[in-house]
Structure formats: structure tokens, C-alpha cells
Amino acid sequence: MAWGPVALFCLLWSSAFAGAKFGLRDCPPLTLLTIRFFLAAVALLALAAWKGSLRLPGWRELGLLALLGILNNALYLGLSWMGMLTVSSAFTAVLISTNPLLIGVLAGPVLGERLTGRKLAGLLLGLAGVALVLRSRLGGMHEDPHGVWLVAGGLVALVAATLLYKRHPPASGLWLSTGVQALAGALALLPFALLREGGQPIAWTANLFWSLAYMVLAVSVGGYGLWFHILRRSTATAASALHFLMPPLGLLFGWLTLGEHVAAMDLVGILPIAAGIWLATREPMNKGLSR
């Protein structure tokens, strides 16, 4: 993996929660996600047209992209955001951050990727670092069981989407495939947003405008584009290991933009996380010599 796109992806992806919190002050979650994905679809398909790659995919490809959009957008974020209405954001971050471990275990039987002892040690070390970062936020919390199941459903959707993307990589270009996924996510969320939040008011403030602009351009276009770029060029295990960085970086953005408290010990957790990612993503030295 090229570490420039990786670093930018981690910064954009981890900043999404802080950006969303600004928008959620003025708009309910499913409605905000639906608007975000519709706007992202327009931007991404416009990019595809500008690049000359806008074409109607075949029915098989279209069905694959629609399924990926429902898993990656509607279910993963929809369930996670709904779960966070009744469970803590810290618990949500820890639970979602276990996805590299699940993908590392499932990538063998599903994708034929070999889970070496080094990779498994890296995944476990990264998971330990996440738990260390958020240990104080989990102590003594009594989470709502319904919210826990919603967040767990979002985790399953993210894992399934990653494995499906690697098992059946879309033939369409990056911008077209990501745009179709965003549109599918918006269409899947729309009826639920109308039924559940149709009567709730939306305050069309400058705060909501800038939050939407950031989530559409920086996260949906930039973050998702970089994620699929990385996923195409690396193994599912290596790519998903980067998600271990999201909780500490999310805490950093919460401190910078929202004034949320970050303890000194939170930063210590970055060390095992970084070591775990290095173990999970580096290639063995003798691999290059054997070619």
C-alpha cells in the first residue's frame, strides 16, 4: 500500500464522527444520512461523467453495486447511528473496531487469504490498543441491549461488504461504482427516514450546511473513494487493519472540533495500534526474494 493515500484515508474517515455530530444537532440521523448519500451520488456520478466513465452497468454488476451500497452505506452507518441514540459512542467505536479481527478470521475461508501468526498477533494487538484507548469510557457503563444489537448489525454489514467487495470486485470505474453505491444507500434509507423521522423538524442552518458539505465531499467522495482504492490494492485483512486507528483519531478530532476531553493515557493506546497495523500489513522479507 502507498502510505500517502492510507494516511489521508485515516484522517478523513476518522473525522466523520465529529463532522456528523455537528449535523445531528439540526437534523435526525436517518434523514441526514439519506440527504448525504443522495448528494454524494450526484457528486460521484458527475465525477464519473467528467472522467468519461459514466455508463450503465450490466444487471449483474448493478445488483452487486446495489448490494454493496446497502451494506456499506444504509446498514453499516444507518444501524450504527441509530444504535448511538441509546449506547455510548465509545462502545460503538470499540465494537465497530473489531471488524479487522473478524475479517482476518473470515478472509481465509471466504477469500483464501492466509491468516499467519504474525497477522493474527497484529490484529489482537490492535484490538488491545483500541480497548486501552477507550477503557475509561467503557468502565461502569450500562449499555442498552437494543442499541448494542443495532451497532452489532452495523459491524456485520461492514464486514460483509468488505468481504463481498474482495470476493467480487466491481468491474466499473471507482467513481461510477462508488456513486451507484451511494445512490443505492440513499434509496434504501429513504422509506425508513420518512416513516421514522418524517414528522421531526430540520433546522436548515449554516452549521448543517457545512456538516453536509464536509461529509459529502471529504468523507463520502474522498474517504470512500480512498477506501475502495486501498481495498483494490491490498488484502482485506491488511486494509481493514487500518480501522484500528479510527477510535484514537476520532478522539483527537472530537477534542479539536468539539472540545471533548482526551486523557493522556488515551494516547498511549496508539502505540499498540500502530504496532498491530505494522504486523498485520507488512509483507514477509523472504516473499520478495522468492519471486
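Being within 15 Å of residue 182 (Cβ to Cβ) and under 15 Å from the mean Cα position of the chain (by Cα) is true for just one of 74, 7. Which residue is that?
Only one candidate qualifies: 74.
Are any of the residues in the stretch 141-149 of a type outside the set (Val, Ile, Thr), within 20 Å of residue 226 (Cα to Cα), open to solvent by 30 Å² or more (accessible area, probe 1.4 Å) and in contact with a helix residue (DSSP H, G or I) (Cβ under 7 Å, 6 or more places away or on another chain)?
Within the stretch 141-149 (the criterion being of a type outside the set (Val, Ile, Thr), within 20 Å of residue 226 (Cα to Cα), open to solvent by 30 Å² or more (accessible area, probe 1.4 Å) and in contact with a helix residue (DSSP H, G or I) (Cβ under 7 Å, 6 or more places away or on another chain)), the answer is no, since none of the residues qualifies.
Among 226, 189, 249, 183, which is surrounded by fewer than 23 Cβ atoms within 10 Å (Cβ to Cβ) and either in a loop (DSSP other than H, G, I, E, B) or modelled with pLDDT of 90 or more (or both)?
The conditions single out 183.
For the stretch 122-131, which residues satisfy the criterion of being under 14 Å from residue 278 (Cα atoms) and open to solvent by 50 Å² or more (accessible area, probe 1.4 Å)?
Hits for the stretch 122-131 are 124, 125.
How many residues, within the stretch 191-237, are under 27 Å from residue 123 (Cβ atoms) and among the aromatic types (Phe, Trp, Tyr)?
Total satisfying the criteria: 3.
Condition check: surrounded by 22 or more Cβ atoms within 10 Å (Cβ to Cβ), part of a helix (DSSP H, G or I), of a type in the set (A, V, I, L, M, F, W, C) and within 19 Å of the chain's Cα centre (by Cα). Does residue 160 satisfy that?
no
Looking at the stretch 44-63, which of the residues that are assigned to a helix (DSSP H, G or I) and of a type outside the set (Gly, Ala, Ser) is surrounded by the fewest Cβ atoms within 10 Å (Cβ to Cβ)?
59
Which one of 151, 94, 110 is β-branched (Val, Ile, Thr) and modelled with pLDDT under 80?
94
Among residues belonging to the stretch 192-212 that are open to solvent by less than 30 Å² (accessible area, probe 1.4 Å) and within 23 Å of residue 14 (Cα to Cα), point out the one that is modelled with the lowest pLDDT.
Here the residue is 211.
Out of curiosity, is residue 79 closer than 21 Å to residue 170 by Cα and open to solvent by 40 Å² or more (accessible area, probe 1.4 Å)?
Against the criterion (closer than 21 Å to residue 170 by Cα and open to solvent by 40 Å² or more (accessible area, probe 1.4 Å)), residue 79 does not qualify.
Select, from 103, 96, the only residue that is in contact with a Ser or Thr (Cβ under 9 Å, 6 or more places away or on another chain), surrounded by fewer than 24 Cβ atoms within 10 Å (Cβ to Cβ) and β-branched (Val, Ile, Thr).
96
In the set 18, 41, 66, 74, which member is open to solvent by 20 Å² or more (accessible area, probe 1.4 Å), part of a helix (DSSP H, G or I) and on the phi < 0 side of the Ramachandran plot?
Among 18, 41, 66, 74, only 66 is open to solvent by 20 Å² or more (accessible area, probe 1.4 Å), part of a helix (DSSP H, G or I) and on the phi < 0 side of the Ramachandran plot.
Can you find even one residue in the stretch 165-175 that is at pLDDT 90 or above, open to solvent by 20 Å² or more (accessible area, probe 1.4 Å) and in contact with a helix residue (DSSP H, G or I) (Cβ under 9 Å, 6 or more places away or on another chain)?
No; the residues of the stretch 165-175 include none that is at pLDDT 90 or above, open to solvent by 20 Å² or more (accessible area, probe 1.4 Å) and in contact with a helix residue (DSSP H, G or I) (Cβ under 9 Å, 6 or more places away or on another chain).
The values are calculated or read from the model by the stated rules, or taken from the named source; none is laboratory data. Remember, it's a predicted structure, so these values are computed and weren't measured experimentally. No Cβ is skipped: glycine too gets one built from the backbone with ideal geometry, and neighbour counts run over all protein chains shown. Only protein heavy atoms, including side chains, enter the accessible area calculation; ligands, DNA and RNA are left aside. Shrake-Rupley method; radii C 1.70, N 1.55, O 1.52, S 1.80 Å.
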